[in-house]
Amino acid sequence: MTSLTPSTLAELADAVRSSPRVIAVGAGTKPRLSQVADEFVRISTAKLRGIVEYEPSEFTFTALAGTPLAEIVAALGERGQYLPFDPILAEAGATLGGTIAAGLSGPGRWRFGGLRDFILGVQFVDGEGRLLRLGGKVVKNAAGFDVPKFFVGSAGRFGVMAEITFKVFPRPAALRTLRLDAVDDAAKLALLTAAANTRWELDALDAAVDQPAVFARVGGPPAALDAIVAEILGKFPGVEPARAEADRFWRGIAEFRWAHANGTLAKLALTPAQVPEFNAWLRAQTDARGWVSGGGNVGYVSLPAGARLAHSRWPGVTLRGDGPLWLGPKPRFEIMRTVKAALDPENRFPSLDE
Amino acid sequence: MFQSEGVTASAPNPDLLRRLAAVVPPGRVLEGAAPLAAYESDGLTAFQATPLAVVVPETQDEVIALVRFCAAEKLPFVARGSGTSLSGGSLPFAGGIVIALNRLNKILRLDPAQRIAVVEPGVINLAVTAAAQPHGLHYAPDPSSQSICTIGGNVAFNAGGAHCLKYGMTSNHVLGLKAVLATGEVVEFGGASREQIGPDWTGLFVGNEGLFGIALEITLQLLPRAEMFHTVLAGYRTLEQAGDAVTAIVASGLLPGAIEIMDALALEAAVAAVHADYPPGCEAVLIVELEGPREVVAVDRGRLDAILAASKPVEVRPARDAAERLAIWKGRKSAFSAVGRLSPDFIVQDGVVPRRRLGEALRKINAWSREMGVRCANVFHAGDGNLHPLILYDGREPGALHRAEELAGKILRMCIEMGGSITGEHGVGMEKREYLPAMFGPEEIACMKRLRAAFDPHGIANPGKMFPVDGAPALSQHGLHSLEKAGVISRE
């Protein structure tokens, strides 16, 4: 298995042209995405790192694809800003490019939207080795096709990202977390649905699979949150964990600490109404663990090492483990083949189902 | 009249209309001068083209049959909603047909528990919010034509509005869609989940400017309506002071739902048109709106008041009740049509500059305006750097149009040089297609053309839009749209 580590964008384009079959790899925190045949030359983005531009007053930054999320989170934090979708696996070393390729957003996606809602522009290398820049560098832009969004979740099948521009927001001054009681799956669904349509504007709304609990987070000025927290707890019985415990808890969610080490990890797209069925399906499998995020729109499933997730009722993507990359229903249309041919006519990158 | 991608307007095959009519039930095809006249142009009134026929399908199957007929015949088609495009996006193609989607106007599903609506393309933007309102929900994108523009058109052009910085554009609220592509293939992307699996095909489709195909069913996310609004109007001696106030607000960590600025000429027009009342002696007015839970708004309001007090305003006027809030927005939203009344003709654009360069951009626009003797009013979404310069001229005066277009071109080039965009929310359409190469290099444009060809190998879907055509003149908006004159729509 050959590996290349370009350190400039020109070298990145050369690396793509250097072999008939290539795939980009970041830090390898979602290894299934790049688990393809040995004939593929691995192009590491390890030396394409760093924030290229950061203008706090513009609410935008541009960074190279191999930049670790942790570096970005820290730089934004210094200026009181953040990526509101809560980037996942930052402590594990995940890169910006890998996060886009996986289409992963954390619990904070609930408030303002997921990763797709914050990507503004992308510079990428297409299948013929051209370095192209599409989208824009300002927070509002309607010129040209929205190729940056298309790259979200595309698993490196249509191009290698070189540099990406994102929108950021000011970080809420305070966050408060509540663990709300939900005795069974029906109660979880009822709580997820009720809490989603309230005046509180929750920052995150996740649910445990194996505990009778829903976790809500609210953000804003500290002085405003006491009354909101009291009202939530008045309506839904529960407790407010201490701040340090809450921070630890959300970090654990963002790093998948609840999942089996070295096992299978997959993300599924759900609707809140499907949560009870998802939970029941998980419990029916030996040693399966799970988590529900995004107000019931995202389900994560983890199986122990050696076990393989072969089927799902819901569309999904395997992030770790040996199961199929795409899970569940995956409609395939002719347009998917022709768009692939438009961006990668020689099939240099793996095809969608390779 | 307009040519692109190998599609040329040619004399219709005499047989063609007969065969077209056979594709759909009787009465769906409009031909002849009188019915077609209504479809000759859109919000960009300076340009007209007469289509071969206008077809008014009533079902998704009829739309699919029509597109497949067009694909088989290589017959150009332009999908059209209410025709409010300000970039000429729904201008007909001479020799092609218009597929008018207004009768596909059903809200197929409204699920308040999941907070989604599934709608057909002819549903009016505001109708979605009207249907969601009893459940305490709303559809966030609010282009100022929202009382008449359709969701299908919003999807095609990724429509914006006054709340984009915080809530994003149309694409941020479309979860999935069913569409018939220009090849005739019917596809379904995304769905009811807020999470996407695999490449974001939905995201790629939204904003395609009608070049990929026609959306038949669109799944929209609905948001809870904010509990409380706090709207403030502040008057300033100079535009720069207003701009500095915006910088201070943004630097403070506040995230207002809307930040808007109007300049002196726009204020003068709003006063004349809707008797808006502004602090006297102001060269600029800033409007800021906070929204959210009442406790959050109360705290943020205190911070905003302090920032505004320190920004040397002539006067600060907070809206004390819903009526006063509405009055502030009425003055703001009427500004463009009001400016239009000051002049027989005008050009409007919607370029974007980095927010920190707003002051510099306005200084340049004003200086050019004085030098060239061309009046220009400015109303803009200051929060996201989205300019809306309105260049006034009198088309009867020799050379006036040319000077106005020259100023418009200078402004667009300035937006690009500053690292912004030629369009924030109106789309490229006909109007700005000649400027696309100033923003994207030849390789990028070639890439987008390959994508276009993947969706539409014959170049029959909305030909002539977005991509430059050799030898065609740069186009601009001239004068008020008839609906603006009637006060039905306004521009942002």
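The numbers here are math on the coordinates, done by the rules we state, and not lab data. None of the values given here were measured: they were computed from a predicted structure. Positions of Cβ are backbone-derived with ideal geometry, glycine not excepted, and every protein chain shown enters the neighbour counts.
For the stretch A:98-132, list residues with backbone N below 20 Å from a point placed 7 Å from the Cα of A:Arg21 toward its Cβ? In the stretch A:98-132, the label zone of A:Arg21 (backbone N under 20 Å from the point 7 Å along Cα→Cβ) covers A:126-129. Taking the stretch B:231-273 and a reference point 7 angstrom along Cα→Cβ of B:Ala310, the backbone N atoms nearer than 15 Å belong to B:244-254. The translational diffusion coefficient of chain A, from Stokes-Einstein at 10 °C and 1.306 mPa s with a Kirkwood hydrodynamic radius over alpha carbon pairs, comes to 76 µm²/s. Overall, chain A carries a charge dipole of about 260 debye about its Cα centre when +1 sits on the Cβ of Lys and Arg and -1 on the Cβ of Asp and Glu, all other atoms neutral.
Pair-distance distribution P(r) for the stretch A:174-254, from all Cα-Cα distances in 5 Å bins starting at 0: 3, 15, 28, 28, 18, 7, 1 percent. Put a plus charge on the Cβ of each Lys and Arg, a minus charge on the Cβ of each Asp and Glu, and nothing anywhere else: the dipole of the stretch A:3-170 about its Cα centre is then about 340 debye.
Quick one, what does Rg over Rh come out to for the protein assembly as shown if you take C-alpha atoms and the Kirkwood Rh?
Details: Rg = 26.3 Å, Rh = 27.5 Å.
My calculation puts Rg/Rh at 0.96.
Between the residues B:Gln241, B:Ala269, B:Gly409, the greatest Cα displacement towards the positive end of the dipole of the stretch B:228-424, with unit charges on the Cβ of Lys, Arg, Asp and Glu, is found for B:Gln241. For chain B, the number of Lys pairs separated by eight or more positions or lying on different chains, with C-alpha atoms closer than 27 Å, is 29. Across the stretch A:151-160, rounded Karplus estimates of 3J(HN,Hα) from the backbone phi angles (6.51 cos²θ - 1.76 cosθ + 1.60, θ = phi - 60°) give 5, 5, x, 7, 6, x, 7, 10, x, 10 Hz, Gly and Pro being marked x.
Given 10 °C and 1.306 mPa s, compute D for the stretch A:264-327 with the Stokes-Einstein relation, Rh being the Kirkwood radius over Cα pairs; round to the nearest whole µm²/s. Display every interim value, and only then the final one.
Working: Rh = 11.5 Å.
Calculated translational D: 139 µm²/s.
Convex hull volume of the C-alpha atoms in the stretch A:3-170, normalised per residue: 99 Å³. The modelled label-to-label distance between A:Ala341 and A:Ile51, using points 7 Å beyond Cα along the C-beta direction, is 4.4 nm. Divide the volume of the convex hull around the Cα atoms of the stretch B:228-424 by the residue count and you get 104 Å³ per residue. Using the rule -39500 (n - 2.57) for each DSSP H run of four or more residues, divided by the residues of chain B, the 222 nm mean residue ellipticity is -10000 deg cm²/dmol.
Helix A:185-196 against the longest principal axis of chain A: what's the angle in degrees, Cα atoms only, rounded to the nearest 10? Long axis of A:185-196 versus the principal axis of chain A: about 80 degrees.
The fraction of Cα-Cα pairs per 20 angstrom bin, counted from 0 for chain B, comes to 24, 56, 20, 1 percent, rounded to whole percents. Using the Cα gyration tensor of the stretch B:36-164, with a ≥ b ≥ c the square roots of its eigenvalues, what is the shape: rounded (a/c below 1.5), prolate (a/b larger than b/c) or oblate (neither)? Since a/c reaches 1.5 but b/c is at least a/b, the shape of the stretch B:36-164 is classed as oblate. Placing pseudo-labels 7 Å out from each Cα toward the beta carbon at B:Ala251 and B:Arg103 gives an inter-label distance of 5.9 nm.
If you keep only loop residues by DSSP, which trypsin sites (Lys or Arg not before Pro) in the stretch B:346-424 have at most 14 other Cβ atoms within 10 Å of their Cβ? Could the numbers behind the result be given before it?
Details: sites: B:Arg355, B:Arg356, B:Arg357, B:Arg363, B:Lys364, B:Arg370, B:Arg375, B:Arg396, B:Arg403, B:Lys410, B:Arg413; in loops: B:Arg375, B:Arg396.
Loop-located and lightly packed - B:Arg396.
The charge dipole of the protein assembly as shown, taken about the Cα centre with unit charges on the Cβ atoms of Lys, Arg (+1) and Asp, Glu (-1), comes to about 600 debye, rounded to the nearest 20.
Amide H contacts for A:Thr271 (H built 1.01 Å from N in the peptide plane; partners 5 or more residues away or on another chain; cut-off under 5 Å): none found. Taking a straight Cα-Cα cut-off under 26 Å and skipping sequence neighbours fewer than 8 places away in the same chain, the lysines within cross-link reach of A:Lys235 are A:Lys188.
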